[in-house]
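One structure is given here, and the rest of the page talks about it.
The values are calculated or read from the model by the stated rules, or taken from the named source; none is laboratory data. Just so we're clear, the structure is a prediction, and the values are computed from it rather than from any experiment. When we count neighbours, we look across all protein chains shown, and the Cβ atoms used for this are built from the backbone with ideal geometry, even at glycine.
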Amino acid sequence: MSSERMTVARAMTECLKAEGITELFGYPGAAICPFYDELYKTGIRHILVRHEVNAGHAASGYARITGKPAVCVATSGPGALNLITAIATAYMDSVPMVIITGQVNSEQIGRDVFQEADITGSAEPFVKHSYLLKRPEDTAEVFKRAFYIAGTGRRGPVLIDVPFDVQQAEIDFEYPETVDIRSYRPSTRGNGYQIKRAITAMKEARKPLICAGGGLFTGNGAELMRRLAEKADIPVVSTMMGLGAMPSDSPLYYGMLGMHGKKAANTAVNSCDTLFLLGARVGDRAIAAMEQRHDFTVVHIDIDPAEIGKNIEANIPIVGDITLVLEQLLEQVDAFEQPLSHKEWREYLDGYRSDSEPLPAESGYVNPKWFIRTLDKYLPERTVIVADVGQNQIWTAANISLRQGRFLTSGGMGTMGYSLPAAIGAKCADKTAEVIAVCGDGSFQMQLPELATAIQHGINVKVIVMRNRFLGMVREVQERSYENRLVGVSLDGSPDFCRVAEAYGMENMLADSEESAVEGIKRLISSDKPFLLEVAVPELEKTIL
């Protein structure tokens, strides 16, 4: 490829085109205007969000559906700083993103000029890597490296901060075809000796169990995990981030584990003799219901060696790309002379599958657990559910089945206000899928303006607002641990959400009975436009299953 003379701003857009970027999310400002002026001349679709943090969340939703780095953009100072929560959210959940921010002129850096902020320093704890692009001639190499780092190894966000004058500088541009970073060599295949140990443990196990984590999605290994479970007859449970990795109607699947998980799943974790952790760090919420055991074998597979054994001691650690490691394991399983069978172990776990039906709510309200289970019955197979944080997240995760769909949420950081912008990003990534954001009335008011983003750009996401007039999860904590001293959890003063949706020109409905909830679900799914369904939930409804 021959070089061409152009400004850095144009070179930035050429880099994005070379990386296959067709859509990005952003909020412009003066310091990033040279880039935006060049973006105008390309075929890349720019989606204007109503707050910078939501550009990051939208890019997160996009990346989690495509499995490739997505892009968000903001200006200098407060614009860049507003992205930090989204960057941290992506970092905790290993979401590949490239964040582009404008910066003041190079000679002004460090002088506290208007809208200057050290974004590379501020975001340092939450990025895989960051670049302050000082030398215009480094543009192509920096962008190539940024996309490579974001999308390989343990995926994550990479930040590129570009001063205003650098964007205006002219360079001879040529985008490299390959990248080689001497200090960055992510592991790929698992160690052969450890693979043999894992296979031996699998053969000897009487009560094996697979725990499916979110890494199966970021590493594109969910289908291989299903094949391994079926070939080796191994029951499967999942973390919240791993929901959907195993079809919910599979006889081998026993549900989500953890403090809000299924009884069968937690029984399986506490009773197994060999646990295969696949792409899961098993954080505090996942192991809260797990006994501190030392009488079982743990095989932990993860791309990041820092995660192996961090929360649960690993007897057999395997560092590598989840897809390649699962292929290595399947190759060995395929060679077994006799197929493995764990019939008695599965029958034992089947005895804990009981799941009581939610009780009807009082007049004027809808039981949220019943609502999610009813919603689930009407969902098309290709559905993406994006749950926010709070009671709505638990009600959704515990009651949705997702036979062939995807479940997205902020798992590690627990970021309220994630669902609607992430759903917008997910819908942009897969325009034929049904995409539904589920949130509470507290979290919804953190992201409400993004209804305008959906309307403006014709992004047909659906929104479900669980309205109970409280910050319900915090209220539960205050009731349980602080003698019911409720402080700062009432949402009195909230607007009529249906009328707000109507003001945005959005179809809407209120569900305050089981009959109206069913009608609302049908209308929501059948609509080919953005739709808001407000669900009246009893104020004192708990997350306890």
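A compact table of results
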quantity: Residue list for the stretch 229-239, filter: within 18 Å of Asp273 (Cα to Cα) and either in the same structural domain as Ser401 (by TED's automatic domain parsing) or surrounded by 20 or more Cβ atoms within 10 Å (Cβ to Cβ) (or both); calculated: Ala229, Ala232, Ile234, Pro235, Val236, Val237, Ser238
quantity: Search result, residues across the stretch 371-395 that are in a helix (DSSP H, G or I) and under 21 Å from Ser526 (Cβ atoms); calculated: Phe371, Ile372, Arg373, Thr374, Leu375, Asp376, Lys377, Tyr378
quantity: Test: residue in the stretch 312-333 that is of a type in the set (A, V, I, L, M, F, W, C), buried (at least 17 other Cβ atoms within 10 Å of the Cβ) and either assigned to a loop (DSSP other than H, G, I, E, B) or outside the structural domain of Ala268 (by TED's automatic domain parsing) (or both); calculated: yes
quantity: Residue in the stretch 129-145 that is at pLDDT 95 or above, more than 20 Å from Ile99 (Cβ to Cβ), among the polar types (S, T, N, Q) and in contact with a strand residue (DSSP E or B) (Cβ under 7 Å, 6 or more places away or on another chain) present; calculated: no
quantity: Enumeration of residues in the stretch 439-492 that are under 19 Å from Gly520 (Cα atoms) and without any contact (Cβ under 8 Å) to a residue 60 or more places away in the chain; calculated: Cys439, Gly440, Asp441, Phe444
quantity: Any hit, the stretch 410-419, residues being crowded, with 24+ Cβ neighbours inside 10 Å and under 16 Å from Pro247 (Cβ atoms); calculated: no
quantity: Residue that is surrounded by the most Cβ atoms within 10 Å (Cβ to Cβ), among those in the stretch 345-367 that are modelled with pLDDT of 95 or more and closer than 26 Å to His300 by Cβ; calculated: Leu349
quantity: Extreme residue, nearest to Met6 (Cα to Cα), among residues of the stretch 124-148 that are in a loop (DSSP other than H, G, I, E, B) and of a type in the set (A, V, I, L, M, F, W, C); calculated: Leu133
quantity: Residue identified as touching a helix residue (DSSP H, G or I) at 6+ places or on another chain (Cβ under 6 Å), modelled with pLDDT of 95 or more, under 30 Å from Asn270 (Cβ atoms) and not in a loop (DSSP other than H, G, I, E, B) among Ile171, Ile195; calculated: Ile195
